Every structure is written in structure tokens, then in C-alpha cells.
Amino acid sequence: MIAGTVDAIRRGELRARDLVEECLNRIAALDGVLGCFLTLDGESALERAARIDEELARQRRAGGSAAGVAPAGARGGEVSADAALLGVPWACKDNICTRGLRTTCASRILEGYVPPYSATVVERLEAAGAVLLGKTNMDEFAMGSSGENSAFFPTRNPRDTTRVPGGSSSGSAAAVAAGLVPFALGSDTGGSVRQPASFCGVVGMKPTYGRVSRYGLVAFASSLDQIGPLTATVEDCALVMEVIAGHDPRDATSAQVPVPRYREVLGRDVKGMKLGVPREYLGEGIERGVREAIDAALGAFEDLGCVVEECSLPHTEYALAVYYLVAPAEASSNLARYDGVRYGLRVGAGDITGMYSHTRRQGFGPEVRRRIMLGTYALSAGYYDAYYLKAQKVRTLVKRDFEEAFSRYDLLLAPTSPTVAFRLGERTADPLSMYMADVCTIPVNLAGIPAISIPCGESEGLPVGLQIMGPPFAEATILQAAYAFERATATAPWRRGVGSNG
Amino acid sequence: MAEVRLPGGGRGGVPAGWEAVIGLEVHVELSTASKMFCHCSTRFGAPPNSQVCPVCLGLPGVLPVPNRQAVELAVRAALALNCRVATYSKFDRKNYFYPDMPKNYQISQYDLPLASDGYLEIPVGEGSKRIRIRRLHLEEDTGKSMHAADDIVTARYSLVDFNRAGIPLVEIVSEPDMSTPEEARLYLEKLKAIMQYCGVSDCRMEQGSLRCDINVSVRRPGEKAGTRTEIKNLNSFRAVERSLAYEIARQVDLLSSGREVEQETRHWDEAAGCTRTLRTKEYAHDYRYFPDPDLPPLVLDPAWIEEVRRSLPELPDARRERYVREMGLPPYDAGVITASRALAEFFEETVRAFPQPKTVSNWVMGEVRRYLNEHGIDPEEPGDIPVRPGHLAELLAMVDRGTVNMRVARQVFAEMWTSGRPPAEIVREKGLEQVSDEALIEKAVEEAIAANPAVVADYRKGKEKALGFLVGEVMKATRGRANPQVVNRLLRERLGPPGQ
């Protein structure tokens, strides 16, 4: 879809400015209810799109080739006319830094914070010609699974506005599902791209740890965080991945592995592919409707000639506990810098200690405070070995489970979430039930492997997501399988609601 | 100022009947062009907050990328201190809140340091003593707070300069192998010399590029070590020695009167000359160290470590031995000159142009060091010594040839120090060539004898010292240029032996 849009813009059949305007109109009409955006940058976007149109028109008049350049907007450099995302509007999760544009992490503590630099992914997208419309709502500091932990307002699920869109990339997933933007970026620490993709009926990928630069992503849990795209289709996902993936000298954890042309593998036959289905992901706690949709999806893969077998990841049951030690421990350290000294909220109160505690108590919401306390405890003298160190050891076991499974299977299939989107307020009083929403996605982050969530059916009229997991740097294989499934189910009745942008 | 009075009979600042157990933690800023994890400059003395970027300010979303040069300098330091360099080490976060620390954690190395198990030798009496080094690790420096009062608690406001934040440091932890304040100072001096020799750091204590914390306890000989205290805020070698003498006396005094030493961190008050409680054990930080997830482990190739080892220059001990062996310098002179790399370089360059090492050494030990001390210069940068080695060699050659006498030479040296001009030029301009022309000197001798009959009488009565006065008069008359030997000879010829 995006590729077609770019072609139309390049040929002059569609004006980038009109496309931006159409998105802004849709946002104006729908976002009052949905609450996807925290900050809109419509004027800059329109200006940048207009300049792209002018430059393209100039080149066409001059009979120019694709070698020319179009000047870009405030945050963009110059853009080549053959740029992959020329004129395509997009939205950015509000924990990814954008130079000159407010970046709050949906937190009071960064309410007025304007970064002096852009994240590497933002620079790459701008170099590819994409046009940023604004910053999307999220659970504060990416801590949450429903979007309700935003310090400002919750986001609603476009498929049913009484339901949550999932989280923490709530605004990004809902914005794509509602057709407000062709694509958005999210971040995934324990499922924060995949789970909202599943709840909203869109495609969301968590790349291999190190595949996409984290430079400029406000850290939650550094050893787990990855930026990933939310799109309407698998092909769009592949396209955005081609732009954002790759080594970044500013991120010491980013991988030096070459980036394949992901779109080239789409459409390749998946016949003979060996797919494992870990039984631990289909046991207790999985809703019946979800189970049925997954079963049907497994059948579709068999029809495509894949070998689908049950397998086991025996340490799965410990993953949630490991995650809730490792992630808060890292967060307690990562979030220490929000102290009122240099930027963000400052609540003065007598001496320096008073300023620290008042700033942080008023600046952080309850879930963030809970996790900082959990993490501080897990790292404290006398508890470190029993909690943090033990968790790291079990994390290695979880990782080994996957290595073992991938010695026998090309990919693994599982539900993305044990349930469909739940109602707003349904789980806010019970953190543990909220944590369970990520039980199927967390092991992937612990192991650092890539995974995608794609729509695979409906339950109670709400989307169900299929999670496809692969070994490190096997994004291409994952996309190949996802694309094959998408094509095979193109006419399925549950598709009517999917990607319902007008 | 309250100087500590020590009970008599002790050894070098340790009261008799007691032993001190001393260990040092030294922070050395590495001489890299850019900071540990970003590209900002490390230049000292720039306007506050002018050498900062999103990374060293700890802005949301930034990531650290290790400076290769810092790793290499740290490895050099480790090898020069005879440490075992780990081929696998890692970075950890040390968590605590302080406004001069942008992230409220410091990137350091905890349980797997870059290097361990080294040593250095300090001179003790005629021989030397080996001080073991437990570990050496890499970390980033913090910013600098300036309080509008004595400390952050009582200050109405505080200002922070982040220029220093993120400058690479090595922390070098000794074993508690020192037993007197003097040994602690000698250890620190040797450490500084080694760091300067291998180009790791300029080690300027007054600029904070060499900083030191001390752990000290006392015990009765043969007993196990007592409770130790930590001393902070030491800004000079003198402070190291003085604070230790004070703290040892304080601990001995407590224990002798049946009281106990508290395990605590104490602050050295330079003006008052005493240590004061900074924080007690209950308020010790829990740093919650854990591996920094933003930084992959530091894996070093053993072949590369060997390459660094081969590139190490001659270190102070080796150089001192060479001066004794090849140049025939007394071990003491060789030790003093090699304690500073810059001084040793100055010495060698002078010797190259004027190959009489002992003469050069006398000048370096005498005039050169005297001027450095008078001007408060710690000669570690080229150009810090305003006299060029070639010029000093020229001056010594003039003395050697008899062109100028020693007295004039000192006068010329003073002029060289202030103007940096070559000695021949100064001598020519001021007409300072030595006068050995006997006719000319004879005239001055006659005049001196004629003008001072009383002194002459004294001399004749047997007062040998009276001759010195007459020599002085003759030198004065010739503006110091007369050859003193000739003056002496002529005076004696005129006056005959004393007492006649």
C-alpha cells in the first residue's frame, strides 16, 4: 500500500500535501475520541510535503531523472526523489526523540521537554522522505499494556472505543488501525508493539535486539527495548524495516549484520517450511476465541504446505517473573536522571533531597513509581543475587529454549495475546492481571529474537493476533511467512474490519 | 592552624608502639582528546558547560559509545604498573543521586575490572619497597558542583559545570601495603611519574587530573588491623602526608584512651589541618551495581595487549638505573631527576649537547629545581621550563671554557629564565666575559688593598677570612667578571701568608 502511494506521488498522480491534509482531516475528525496523538505538527508536515511536491514538479518539468533532490522540512535533510517513503505521512511514539518537537514519554516529568536532537530512526525516515505528523500517546515511559497509563489521557481502540488499544504503543497502533497514518513507530520492551498491534488488528514487528538503533529511544529497559514498525500490511512492514534497520555507530549494542531487502522475499513459496507451535502458549489462560483463531491460522499454514508441529519451550512459565525483575531493575537506573536538575519538571522543596523526591513523586505516575521501587529493591545489597542475578540466569534458560527450538524449526507460531482487547478500566486496579497481557510476548524480548504480530481472525468481533517468532536476524523469513498467510487469507470474512482505513 | 603533635619516638609520623596500615585509591584522568563515551573535548579550563552534548549531559534517549583511545591509555597504565590485563572485562553502573552526575549513575567497572594484580616500587632507605596494586579500572568522571556556601546542604543554591562529566578516568586501588605517611606520598609520586612517563595523564593534582582517597587504620605490632577510616578531599602531596599524620595520631589517641575508631568517611580540612566526619557507616551508599546494558563487554585481543606493552617507553625505575650505570650519577640525584619525566627529558637533552652528566645534574638539581619551586611550576608540559636545554648546555660550556665564572653563570641563568634568550647573547650584551687579564686585575687588587688598611691589618694578624672580603671588593670592582682564582693568587702574592 505504501509502495503504491509513493509511486503515485512520484508520478505526480497524488500530491504529498493532499495526502498529509487528508490524514490531518481524519485526525481532526476522529482523534478527539481515539486520543492517539499527544502532539501534532501539522503545519511543518504540510510545509514539508508541499516542498516535496514542488521539487518533484520541478524535476518533471526539467525532464529530470530520479537523481535530483527535494529539500525537506525543519527536521529533515535533503531527500532523494527515489527515496523509499517519499511523501508518506507517519506518526512517532512519544518516547522517540524528535529534534525541536516535544517528546514527553506521556509523563508529567517530561511534559514540556523538547529534545535538541533526533533519534537515528527519525533521521533515517526523514532521509527516506517520510513526513512526520506528530507524536503518539503511550503508557508512561512504555510501562503498561493498555495505554491507560498515559499521564495525559487514554487511547481508545478504533475497533471498539469501549476497549483498550493495548500498549504501550497504544497511540501508534490505534492511529494505524484507524487509518490516521499509513505507518507509525512503536517500541517493544515486553510486547509493546506486538500486543497493541494484535488488539487493534494491524501488523507490528519487534526486530532482533540490535537490528534497529536505539539511539534517541528514551530507555525503559535497555537490554530489552527495540523500536519497531506498526503498519496495515506485511509489505508495508517490510518497507519500513528496510529503512530503519542497520548498524548505527551511536549505539554500541547495534548489530553489524547487513540488512536484506526484505520486500524481495515476499511472495516466495513457504512450502516445506517447518513451523513449531510451543504448547506452553496455548494452555491455561488463553481465551477460547483466541485459541480457535490460532488453530484456524495453523490450518492455513498447513494448507500452504508448511509442516506444523507442536513443540515445547519449557521455561516459558518463568519468563514473566524474570521480566518483572530485569525490566524494573534497568528502569530504576534509566529513570534516575529525571530529577529536576537539568530538564523536565522541577518541584522545588527546600533542599536537594526534597527537590528530588517531590519532583519524582509528582512527575511519575503510579505504575512508573511501582516499577522503580521494584527495580531498586531487586538491585539492593543483599537481594541482588536472589533477584537480579537469578533472573539473569533464568533469562539464559529462556533463551536456550528458543535456540533449541530453532535448531528444529524455521519459525514458531503462537498467539500474540491470550485475550482480545479488554475494556477500559477492566484491569487498572489489578497490576498482575495487566502484566498477564504480555505473557505471550515477553519471552521474545528476553531472548532478543525477532517476532511479528499479524491479524489472523476475530473473537467477539475483535481482532486476534498471530505471533510469528524467528531466530536472530531472521526478520526476512518471518516476513515471508506472514506475507504468505496474509495473501492466503485475503478474502477471509474477518478481514473486513482489518486495516479499515477509508 | 593546628599542627598535629606526635608522641615522641615514632617513625615518620607513626607513634612508637603502633603501626599504620595505609591503602590508596587514586583517580587519574586520561589524556584523551575526547570524553569516554562521546566526542566532546576534554580541554581543561573552558567556560562552564561549553564542552557538553546530549550524551554527556545524560539527556533522554542517548547512548554511550566507548572511546578506543581511553581503553588504550588505560591498558598502557595497567601494563606500566605491572598489572595483569583482562581480555574480558565489562562496564557496570554505579547508582547514586548527585546533581553533578547527569544520569544519576556513573559508568564504571565493578566485579570484572580491566586490570589487576600489579605493583610499583618506592625508595625506602637504601633499597626499595614493593607496593601491590589490587586493581585498575575504567570509569567516567562526574561534573563539578559549586555551592553558594560550604556544602550542598547549607548552600542557598549550587551551580553545576558538566565540562568534566564523562572525561575518562582510571581508578587505581593499592593493597594496604604502606605503613607511614611518607610511604603514601612516595607511592603517589611514583604513580604520578609512571603515568606521566607512559603518556597516560598529565597528573595535575591542582587541576584535579590526579585525585586520591586514603584508607587508614592503626594497630599494635602483631595484632590484626583495626577499624579503618577513609580520608577524602586531598588536593596535594602535602595534604596526603599531613592528613595521614593527623588521622593516625587521632586513631592512636582514641585507642590509647580506650575508645574506638568508627568506620567512616572523613573530610580533610586543609586550612584547619584536621579531618572531620563526612558520613558514618549507616549512611554508606548502596550503589546497586549492575552490568550496563548499553555497553557490550570489553573484549581485548591478547596480541594487541602485547603490542601496547612493546610500545611502552622507558619507565622511571629503568631510567634511574641507566643514569647511575651509564652516566655515573649518584642514585639520589638519579632518583630526583627521573621522578619527573619532563625534568629527565630536560636533563638528557642538556647532556646530549654538553656531555658532562654530573655537571648537568648539579645544575638541574640546583638552579633548575630552585627556579621551578620559586615559580611554583610542576614541569610536565614541554615549555613549562622556560630555559631551553640547548641554552643551558651552552652556558655550561662557557663556564667550562672559562668564558664566564660560576657567579656570572648564575646571573646569566636568571636572565635566561626570564627572557628565554641564549646565554652568549646575554653575556655579550652585558659585557660579562670573565676577565683573566692579570694587569687589569692587579690594578683592582692594589686599589682594594689601599682602600682597606684595617682589613689588611686583620689579615696580617692571622684572620684568613679577611681575604674573602678583599676578594669580594675586587670582584665588585670588576663587576663580577674577574677570574676568582687569579684574584686569590694575586692577593696572596701581595699580602703574603696570613699572620705575618
Looking at the stretch B:392-408, is at least one residue under 29 Å from B:GLU314 (Cα atoms) and not hydrophobic (A, V, I, L, M, F, W, C)? yes
When every residue in the stretch A:335-354 that is at pLDDT below 90 and more than 9 Å from chain B (Cβ to nearest Cβ) is compared, the one nearest to the chain's Cα centre (by Cα) is A:GLY348
Regarding the stretch B:76-97, can at least one residue be identified that is surrounded by 18 or more Cβ atoms within 10 Å (Cβ to Cβ), part of a loop (DSSP other than H, G, I, E, B), under 28 Å from the mean Cα position of the chain (by Cα) and modelled with pLDDT of 95 or more? yes
Looking across the stretch A:285-332 at residues that are of a type in the set (A, V, I, L, M, F, W, C) and part of a loop (DSSP other than H, G, I, E, B), the single one that is nearest to A:ARG395 (Cα to Cα) is A:LEU313
Note down all Cβ pairs under 9 Å where the first residue falls in the stretch A:351-369 and is free of Cβ contacts under 8 Å to residues at least 24 places away in the same chain and more than 30 Å from B:ALA148 (Cβ to Cβ), the second is of a type outside the set (A, V, I, L, M) and surrounded by fewer than 14 Cβ atoms within 10 Å (Cβ to Cβ), and they're at least six residues apart or on different chains. A:ARG369/A:ARG361
Under the condition of being of a type in the set (Asp, Glu) and under 20 Å from B:SER31 (Cβ atoms), which residue from the stretch B:162-191 is farthest from the other protein chains (Cβ to nearest Cβ)? B:GLU189
Could you grab me the full set of residues in the stretch A:220-230 that are assigned to a loop (DSSP other than H, G, I, E, B) and more than 7 Å from chain B (Cβ to nearest Cβ)? A:PHE220, A:ALA221, A:LEU224, A:ASP225
Can you work out which of the residues in the stretch B:298-310 that are surrounded by 12 or more Cβ atoms within 10 Å (Cβ to Cβ) and not in a helix (DSSP H, G or I) is farthest from the other protein chains (Cβ to nearest Cβ)? B:LEU300
Check on A:GLY210, more than 14 Å from chain B (Cβ to nearest Cβ) and either modelled with pLDDT of 95 or more or buried (at least 24 other Cβ atoms within 10 Å of the Cβ) (or both): no
Looking only at residues in the stretch A:162-186 that are assigned to a loop (DSSP other than H, G, I, E, B), among the hydroxyl-bearing types (Ser, Thr, Tyr) and touching a Leu at 6+ places or on another chain (Cβ under 7 Å), which one is surrounded by the fewest Cβ atoms within 10 Å (Cβ to Cβ)? A:THR162
Cβ-Cβ below 8 Å, separation at least six or inter-chain, first residue in the stretch A:212-225 and of a type in the set (Asp, Glu), second in a loop (DSSP other than H, G, I, E, B): which pairs? A:ASP225/A:THR189; A:ASP225/A:ARG214; A:ASP225/A:ALA219
Which of the residues belonging to the stretch A:155-179 are touching a Cys at 6+ places or on another chain (Cβ under 9 Å) and under 21 Å from A:ALA119 (Cβ atoms)? A:SER170, A:GLY171, A:SER172, A:ALA173, A:ALA175, A:VAL176
Can A:SER407 be described as farther than 25 Å from A:GLU148 by Cα, among the hydroxyl-bearing types (Ser, Thr, Tyr) and surrounded by fewer than 19 Cβ atoms within 10 Å (Cβ to Cβ)? yes
Please determine whether any residue of the stretch B:178-187 is surrounded by fewer than 24 Cβ atoms within 10 Å (Cβ to Cβ), in the same structural domain as B:LEU24 (by TED's automatic domain parsing) and either polar (S, T, N, Q) or not in a helix (DSSP H, G or I) (or both). yes
Taking the stretch B:272-297 and keeping residues in a strand (DSSP E or B) and within 11 Å of another protein chain (Cβ to nearest Cβ) leaves B:PHE290, B:PRO291
Does the stretch B:312-320 contain at least one residue that is part of a helix (DSSP H, G or I) and either aliphatic (A, V, I, L, M) or within 14 Å of chain A (Cβ to nearest Cβ) (or both)? yes
Looking at B:GLY273, B:GLY226, which is the one that is surrounded by fewer than 18 Cβ atoms within 10 Å (Cβ to Cβ) and assigned by TED's automatic domain parsing to the domain that holds B:GLU171? B:GLY273
Taking the stretch B:43-72 and keeping residues modelled with pLDDT of 95 or more, within 18 Å of B:GLY199 (Cβ to Cβ) and more than 14 Å from chain A (Cβ to nearest Cβ) leaves B:GLN69, B:GLU72
Cβ pairs under 7 Å, 6+ apart, first in the stretch B:406-433 and of a type in the set (Asp, Glu), second surrounded by 15 or more Cβ atoms within 10 Å (Cβ to Cβ) and in a helix (DSSP H, G or I): B:GLU415/B:ILE426; B:GLU433/B:VAL427
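The values are calculated or read from the model by the stated rules, or taken from the named source; none is laboratory data. Because the structure is predicted, anything quoted here is derived from the model rather than measured. Using ideal geometry, Cβ is built from the backbone for each residue, glycine included, and neighbour counts are taken over all protein chains shown.
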